[in-house]
Amino acid sequence: GRLRISSTQLDAFSSCPMKWLAKYLFGLERVNYETEQIDHRALGTCMHAIYETFFREAMTVSPVFRKDLEPAYTELLKGIMEVEFERFAHAPTAPTRTTMRHILERYTNDMLSIIQAEAKHFDGYASVAFEAKRQSVYDDLGCLLEGRIDRILSRVDDSGERTYAVVDYKKSISDRK
């Protein structure tokens, strides 16, 4: 019933007690493995599709975003996320099931938080454009700048003055206008 320790084990322990613990106490062996890379471009495209669908369908609930409709918006967004993430998970280039699970756990709450951010910053705004293509030519620099604006919003205040907002979606959280 005694613990058997060899000189090799003592050397392993003296160089790294954690390494000794993993190998000799827990019986873990070194293996070669590959970490799966997430195609962030495909994931970003999926997330953009979710947001665009959500804000288009939110306009059927109310023509302007309304803070008091947060519960209805949350249910709407959850349903859209379920459909789009399921489609993403079954695409030909889909990540493994474990990676997909990580994606869902990592991004679901972050994506739902857009509703509170929208209520905070854009209560009363209406979506007027999605994925608006923009192009600027800079002949003096010899370049062409192309891109898309994720969403453009508009609001008319009580005095009739119109305000616009440009929204750019990111996978990280930044609570600012």
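Can you check what the Kirkwood hydrodynamic radius comes to for the chain, Cα pairs only, in Å to one decimal?
Kirkwood hydrodynamic radius for the chain: 20.5 Å.
Using a 1.4 angstrom probe, figure out how much accessible area the chain has per residue, in square angstrom, rounded to the nearest whole.
Heavy-atom accessible area per residue stands at 73 Å².
In the neighborhood of I149, defined by Cβ-to-Cβ distances under 11 Å, what is the net charge if each Lys or Arg adds +1 and each Asp or Glu adds -1?
With Lys, Arg at +1 and Asp, Glu at -1, the net is +1.
Give me the extension gain from I38 to D11: residue separation times 0.36 nm, minus the current Cα-Cα distance, reported in nm with one decimal.
Value of the extension gain: 5.8 nm.
Could you tell me the center-to-center distance, by alpha carbons, between the stretch 20-62 and the stretch 63-121 in angstrom?
Between the Cα centre of the stretch 20-62 and that of the stretch 63-121, the gap is 13 Å.
Which value in deg cm²/dmol, rounded to the nearest 500, describes the helix-derived mean residue ellipticity at 222 nm for the chain, given -39,500 (n - 2.57) per DSSP H run of n ≥ 4 and division by the residue count?
Helices in the chain give a 222 nm mean residue ellipticity of -14500 deg cm²/dmol.
Which longest uninterrupted range of the chain lacks any chymotrypsin sites (Phe, Trp or Tyr not before Pro) assigned by DSSP to a loop state (not H, G, I, E or B) and surrounded by at most 16 other Cβ atoms within 10 Å?
Here the longest segment lacking exposed loop sites spans 34-168.
Probe radius 1.4 Å, ligands and nucleic acids ignored: give me the carbon and sulfur share of the accessible area of the stretch 5-124 as a rounded percent.
Of the solvent-accessible surface of the stretch 5-124, carbon and sulfur hold 56 percent.
Which is farthest toward the positive dipole end of the chain among S127, F85, V166, measuring Cα position about the Cα centre, with Cβ charges +1 (Lys, Arg) and -1 (Asp, Glu)?
F85
The values are calculated or read from the model by the stated rules, or taken from the named source; none is laboratory data. Only a predicted model underlies this, so the values are computations on that prediction, with no experimental measurement involved. Note that each Cβ is placed from the backbone with ideal geometry, even for glycine, and that neighbours are counted across all protein chains shown. Each accessible area value is taken on the protein alone, full model and side chains, heavy atoms only, with ligands, DNA and RNA left out. Shrake-Rupley method; radii C 1.70, N 1.55, O 1.52, S 1.80 Å.
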